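Input: a single structure, listed below in structure tokens.
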Amino acid sequence: MPHSTPLVATVVAGLVAAFAMGAVAHRLRISPVAGYLFAGVLVGPFTPGVVADSALANELAELGVILLMFGVGLHFSVRDLLSVRKIAVPGAVLQIAFATALGAGLATWLGWNLAGGLVFGLALSVASTVVLLRAMQVGKLMDTERGRIAVGWLIVEDLAMVLVLVLLPALAGLANGRAQSGMELAWMIGLTLAKVGGFIALMLIVGKRVIPAALHWAAHTGSRELFRLAVLAIALGVAFGAAYVFDVSFALGAFFAGMVMGEKQLSRRAAEETLPLRDAFAVLFFVSVGMLFDPAVVVEHGGAVLATVLIVILGKSLAAIAIVRFFGHSLHTALTVAAGLAQIGEFSFMLAALGVKLGVLPEEGRDLILAGAIFSIFANPLLFRWLAGRHSIVKSVAASESARRAPSAAGERVVLVGYGRVGRLVAEGISGEARQMVIVEERADLARSAREIGHEVVEGNASSMDILEEAGIGEATRLMIAIPEGFEAGVIAQHARQRNPDIQILARAHSDEEVDHLEKIGADHVVMGEREIARRLLELLQSSRRQGSGEPA
């Protein structure tokens, strides 16, 4: 068997290191993103030991970007995009201009020419697609106004960077003394805008009919494997075709592919099918960023690295806060948008690589951009955690007060975890008995459905003690766990029992091992779906036999 397998080695080294460092990060109670970045440093070319192929890692990371943007598009309609255009368009343009000016100023102080300073500043102005969307999904912000503003802002930034990447070779020719007429520049700008507009029009007119029809056909075949392949083929095929034919980014192509079918019934199933691959390749994105980082840069150019990081985290944030507040939105919305955009990523690397290749940006500039990216990506989850902590103080106090009042108003309070197919039926039954109930649901679309019916909902992962506290677990009389993951249910049951020793716990399981685990954890009753189905089928069989023999049923 040949052992020269760089692709396999890169995937294995990246995922194994990411798992190890992610577990350490989880143990230290910090964001797993920090662990993934450090894993990249460990398997990168600037540290001893195993060295993965950084070029292959970057290409694999692009798959994560495509699948992530496709998933976001499934939950982001044209109406959502148009609803935030009045702030997203001017906000993104103004922030790009401000960050570019700050970057150019730092470049001038470092002794670079104006062209290099502009490329450097532009690279610092655009946020990472993966980092922003990961933060929005973890924070359950995708379906909020501030989440839509941040995503719309990001789309405008991506469009602007597509234009910059196309025009940069011509502008570099001017900077290096190679003449280029104004007519040629105008032609390039017009051609780029025409390509982007043509792609968007094609997706909204043709894609809106063809893509859903293809998925419906695949779904009606009854083959889950074929449906999964259809989803991946559409996401990856449209993204690649958009880049190859229309010169737009993979991310933008995948986003529109998801968006044109986002309001269809199959969108939720499509999102579920891409989730495992999306998460795996998104992890490889962070590993690939870490692989590019040379720790020696911090020692050799410490002051410049610090200034770069401050521009990305502080300068861009202050600009975003000022712009959002100017347009009349709340301070909390401004802080959310600012935190989401206070980092840089994939477009920054593309600009840096192209700038160095064209002789416009010095190699020191690329190193500073990479350092700024890794430190800002590392800090981003901490910013969101701080923001979430500040926002949740009042909400948690209010929820606790509500939870304390509820038992006095009614004799029983039930916390229901999960509002999927089983949880929805359980909720209907509990509501019919007029009991006090709060639903804990992690998925934003299901949480929204429960709220629309009138249920009290806490959005988040019930394995978090903070989420259980917000749901009033300390005052609840019963906990019903309706999620299909038995071992995750065990964590929830364990936390609930620690907080409320007298609570009665009813859980759902799919295997004998899950039943045993939940009973050891302390669940009072565990229902295994397969056993209940078999029991009911046997009851129906016996009933039909009695009827056939004339016996009373």
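The values are calculated or read from the model by the stated rules, or taken from the named source; none is laboratory data. In this text, all values refer to a predicted model and were calculated from it rather than measured experimentally. Counting neighbours? That spans all protein chains shown, and the Cβs are built from the backbone with ideal geometry, glycine included.
Just give me the residues in the range 75-133 being crowded, with 19+ Cβ neighbours inside 10 Å and not in a helix (DSSP H, G or I), in sequence order.
H75, F76, V84, W112, V126, A127, S128
On the basis of being under 22 Å from G328 (Cβ atoms), crowded, with 24+ Cβ neighbours inside 10 Å and modelled with pLDDT of 80 or more, does V151 make the cut? Talk me through it step by step, then tell me what you get.
Numbers: under 22 Å from G328 (Cβ atoms): yes; crowded, with 24+ Cβ neighbours inside 10 Å: yes; modelled with pLDDT of 80 or more: yes.
Yes: the conditions hold for V151.
Criterion first (touching a residue at least 12 places away in the same chain (Cβ under 8 Å) and farther than 18 Å from A127 by Cα) does G49 satisfy it?
Here the answer is no, as G49 does not meet what is asked.
Report yes if E157 is in the same structural domain as S83 (by TED's automatic domain parsing), acidic (D, E) and at pLDDT 85 or above, otherwise no.
Values: in the same structural domain as S83 (by TED's automatic domain parsing): yes; acidic (D, E): yes; at pLDDT 85 or above: yes.
So E157 fits the description; yes.
Let's see how each residue does on (1) touching an Asp or Glu at 6+ places or on another chain (Cβ under 8 Å); (2) surrounded by fewer than 22 Cβ atoms within 10 Å (Cβ to Cβ); (3) outside any loop (DSSP other than H, G, I, E, B):
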| site | (1), (2), (3) |
| --- | --- |
| V11 | no, yes, yes |
| L15 | no, yes, yes |
| A23 | no, yes, yes |
| V33 | no, no, yes |
| V41 | no, yes, yes |
| P48 | no, yes, no |
| L67 | no, no, yes |
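Can you work out which of the residues in the range 511-546 that are acidic (D, E) and assigned to a helix (DSSP H, G or I) is farthest from E485 (Cα to Cα)? Before you say what the answer is, go through the steps one by one.
So the first thing to find is which residues in the range 511-546 are acidic (D, E), and the list is 512-514, 516, 519, 524, 530, 532, 539.
Now drop any that are not assigned to a helix (DSSP H, G or I), which leaves 512-514, 516, 519, 530, 532, 539.
On the way: D512: 13, E513: 12, E514: 9, D516: 14, E519: 15, E530: 14, E532: 17, E539: 28 Å.
Only one residue tops the list, namely E539.
Check the range 169-184 and report whether any residue there is loosely packed, with under 13 Cβ neighbours inside 10 Å, modelled with pLDDT of 80 or more, in the same structural domain as D247 (by TED's automatic domain parsing) and of a type in the set (D, E).
No, every residue in the range 169-184 fails to be loosely packed, with under 13 Cβ neighbours inside 10 Å, modelled with pLDDT of 80 or more, in the same structural domain as D247 (by TED's automatic domain parsing) and of a type in the set (D, E).
Just checking, which of G207, G258, G303, G198 is part of a helix (DSSP H, G or I), closer than 30 Å to L110 by Cα and not acidic (D, E)?
Numbers: G207 fails: closer than 30 Å to L110 by Cα; G258 fails: closer than 30 Å to L110 by Cα; G198 fails: closer than 30 Å to L110 by Cα.
Going through G207, G258, G303, G198 in turn, the sole match is G303.
From the list I87, I96, which one is within 24 Å of the chain's Cα centre (by Cα), farther than 24 Å from I66 by Cα and among the β-branched types (V, I, T)?
On the way: I96 fails: farther than 24 Å from I66 by Cα.
Of I87, I96, the one residue that is within 24 Å of the chain's Cα centre (by Cα), farther than 24 Å from I66 by Cα and among the β-branched types (V, I, T) is I87.
Filter the range 469-487 for residues that are free of Cβ contacts under 8 Å to residues at least 40 places away in the same chain and surrounded by fewer than 17 Cβ atoms within 10 Å (Cβ to Cβ); which is farthest from the chain's Cα centre (by Cα)? Working first, answer last.
Narrowing the range 469-487 to residues free of Cβ contacts under 8 Å to residues at least 40 places away in the same chain: 485-487.
Checking the rest, the ones that are also surrounded by fewer than 17 Cβ atoms within 10 Å (Cβ to Cβ) come to 485, 487.
Numbers: E485: 21, F487: 24 Å.
My answer is F487.
Within the range 27-58, which residues are at pLDDT 80 or above and under 19 Å from the mean Cα position of the chain (by Cα)?
Once the filter is applied, which keeps residues that are at pLDDT 80 or above and under 19 Å from the mean Cα position of the chain (by Cα), the range 27-58 yields G35, Y36, L37.
Within the range 323-350, how many residues are without any contact (Cβ under 8 Å) to a residue 40 or more places away in the chain and closer than 26 Å to V162 by Cβ?
Initial filter on the range 323-350 (without any contact (Cβ under 8 Å) to a residue 40 or more places away in the chain): 325-326, 328, 330-331, 334, 338.
Applying the additional criterion that residues be closer than 26 Å to V162 by Cβ yields 338.
Qualifying residue count, the range 323-350: 1.
L425: modelled with pLDDT of 85 or more and either closer than 16 Å to R478 by Cα or in the same structural domain as H495 (by TED's automatic domain parsing) (or both), yes or no? So that I can check it myself, show each step before the final result.
Numbers: modelled with pLDDT of 85 or more: yes; either closer than 16 Å to R478 by Cα or in the same structural domain as H495 (by TED's automatic domain parsing) (or both): yes.
For L425, the condition - modelled with pLDDT of 85 or more and either closer than 16 Å to R478 by Cα or in the same structural domain as H495 (by TED's automatic domain parsing) (or both) - is met.
List every residue pair whose Cβ atoms lie under 8 Å apart, where the two residues are 6 or more positions apart in sequence or sit on different chains, the first residue falls within the range 291-304 and is under 15 Å from E363 (Cα atoms) and touching a residue at least 60 places away in the same chain (Cβ under 8 Å), and the second residue, located anywhere, is hydroxyl-bearing (S, T, Y) and in a helix (DSSP H, G or I).
L292/S54
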